[in-house]
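Before any comments, here is the structure.
The values are calculated or read from the model by the stated rules, or taken from the named source; none is laboratory data. Just so it is clear, the structure is predicted and the values come from calculations on it, not from any experiment. Neighbour counts are summed over all protein chains in view; Cβ atoms, including those assigned to glycine, are modelled from backbone coordinates with ideal geometry.
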Amino acid sequence: MARVHELKIRPEYFGSVDMGLKPFEVRKDDRGFSAGDFLILKEWSNGYTGHEVRVAITYILRESCYVRPGYIIMGIRKVG
């Protein structure tokens, strides 16, 4: 079953995700992220700005030869 994860995102990354220019997220692997889950990325700049974008996780890369241990790279696609 797909889960929804709400996460903070800094303004310098938010715009690129919102425009579809940044189709990935690098995050600490602490929430059991899975392909098929959704992220609600809420813009954060010393507090929530009120802007958010919803994305689907399309792919997860966990291989330690490419990603620092304890972190993942998620392929994402904007939805809605």
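Among the residues of region 15-72, the ones that are among the basic types (Lys, Arg), loosely packed, with under 13 Cβ neighbours inside 10 Å and assigned to a loop (DSSP other than H, G, I, E, B) come to 1 in all. Applying a threshold of 9 Å to beta carbon distances and a minimum spacing of six or more residues, or different chains, the list of pairs starting in region 45-73 at a residue that is within 11 Å of residue 27 (Cβ to Cβ) and at pLDDT 95 or above and ending at one that is basic (Lys, Arg) and not in a strand (DSSP E or B) reads 71/62; 72/62; 73/62.
One residue stands out among those in region 1-13 that are outside any strand (DSSP E or B) and within 16 Å of residue 79 (Cβ to Cβ): the one that is modelled with the highest pLDDT, which is 3.
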